[in-house]
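Values quoted throughout were computed directly from the atomic coordinates according to the rules given, and no laboratory measurement underlies them. Values in this document were obtained by computation on a predicted structure and should not be read as measured data. All Cβ positions, even for glycine, are placed from backbone atoms using ideal geometry, and neighbour counts span all protein chains on display.
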Amino acid sequence: LAVHGGAWAIPEEMVEPCRAGVARALDSGWQVLARGGSALDACQAAITALEDDPVFDAGIGSHLNRDGRVQLDAILMDGRTLKSGAVVAVERIRNPIHLARLVLDRSEYMLLAGSGAEQFAEEMRLEFCNPADLVVPREQELWAKNRQSASQGLGAGTVGAVALDAQGNLAAGTSTGGPPGKYPGRVGDSPLIGCGCYADNRTGAVSTTGYGEAMMKVVMAKTTNDLLAAGPRRGRGRFEPQAAAEKALALLRERTGGTGGVIIVDPRSRVGAAFTTPRMAYAFRTSDYLEPIVRV
Ligand code: GLY
């Protein structure tokens, strides 16, 4: 199991809260795997913990859009069936990853947007929150400052998880509030299959973080998975997950000038974590490691 809390220039004062947040999320997901639970349940549990932590740009504590509102995107993908469930631009759902899971399990669709996603949530009897419940003072201040200076920051603090379970199934998920001051209705890479996450039992599971408008251009998560499968030279072995993650980030930089981060796990339980930003908050644990690895 690996989790991330975003790749960006995490300021010194946020390092410890980010470290604690990814450690807690890893623990939530690991408990699921340790009792024989599925990779999907582990990813959902880890991402729920990250959405509930106001330090990250997902769920409560997300960046506000240009209109001063939180609009959330999330995706969960099943590596066994290749089906994903995603929701975009939802405003009244405290944990969009729960709604993404319902789209995955209980609908014939892969992605539901805005009012339609919330209508589906109502039909699924998912509890609604007040949109104001998702707003924290730190983000209100940032929004007010950005309005005055008309500047917009880059996305920061998107969260995600990848997991392999005892049945050999892989899963991946990602959740975000997107960049600060985004245009209302703007959807980035995170909830798009192949961009924000990808999982295929045959190759690997990937969750990404970075500036959506760059990540989408190279279909970041699927590109990473394809590199893992293809290896350095066609027909000559496979890339290690770490090498695939680094190669994909190099491609992102080369083709778009963008930076970001990637976590990946393969069917042999090998984990990779790479980033080209100043920092990334991430944590991982496998049955080979007695202790979790937590880094910011
Ligand atoms: N990767 C987060 C976003 O751009 O929406």
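I'd like the Kirkwood hydrodynamic radius of the stretch 158-296, using the inverse of the mean 1/r over distinct C-alpha pairs, in Å. Let's see the in-between values first.
Numbers: mean 1/r = 0.0669 Å⁻¹.
Across the stretch 158-296, the inverse of the average 1/r is 14.9 Å.
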(request) With springs connecting C-alpha atoms under 10 Å apart, model the chain as a Gaussian network and identify which of Asp266, Asp67, Asp189 has the largest mean-square fluctuation. (result) Asp67
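Under the rule of -39500 (n - 2.57) per DSSP H run of 4 or more residues, summed and divided by the residues of the chain, what mean residue ellipticity at 222 nm is obtained, to the nearest 500 deg cm²/dmol?
Details: 8 runs with 102 residues, N = 296.
Value at 222 nm, helices only, nearest 500: -11000 deg cm²/dmol.
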(request) Taking the chain as the reference, fit the longest principal axis to its C-alpha atoms, fit the long axis of helix 137-149 to the helix C-alpha atoms, and give the angle between the two in degrees, 0 to 90, nearest 10. (result) 70
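Where the convex hull is taken over the Cα atoms of the chain, what is its projected area averaged over directions, in nm²?
Hull-based average projected area comes out at 14.2 nm².
How do the peptides 267-280, 213-226 rank, highest first, by the average count of neighbouring beta carbon atoms within 10 Å per residue? Kindly include the intermediate steps, with their values, before the conclusion.
On the way: 267-280: 19.0, 213-226: 23.3.
Per-residue Cβ counts within 10 Å, averaged per peptide and sorted highest first, yield 213-226, 267-280.
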(request) Output the peptides 83-93, 104-114 sorted from most to least packed, where packing is the average of other Cβ atoms within 10 Å over each peptide's residues. (result) 83-93, 104-114
(message) For a protection proxy built on the mean count of beta-carbon atoms within 10 angstrom, sort 36-47, 252-263, 190-201 highest first, please.
(response) 190-201, 36-47, 252-263
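If you take the square roots of the eigenvalues of the alpha-carbon gyration tensor of the stretch 233-292 and sort them as a ≥ b ≥ c, do you get rounded (a/c under 1.5), prolate (a/b over b/c) or oblate? Provide the component values of the computation, followed by the final result.
Values: a/c = 3.96, a/b = 1.22, b/c = 3.24.
Since a/c reaches 1.5 but b/c is at least a/b, the shape of the stretch 233-292 is classed as oblate.
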(request) Working from the alpha-carbon coordinates of the stretch 82-192, get Rg over Rh, Rh being the Kirkwood radius. (result) 1.01
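How many Å³ per residue does the convex hull of the Cα positions in the stretch 1-145 occupy? All intermediate terms of the calculation are to be shown ahead of the outcome.
Values: hull volume 16.8 nm³, N = 145.
In the stretch 1-145, the Cα convex hull volume per residue is 116 Å³.
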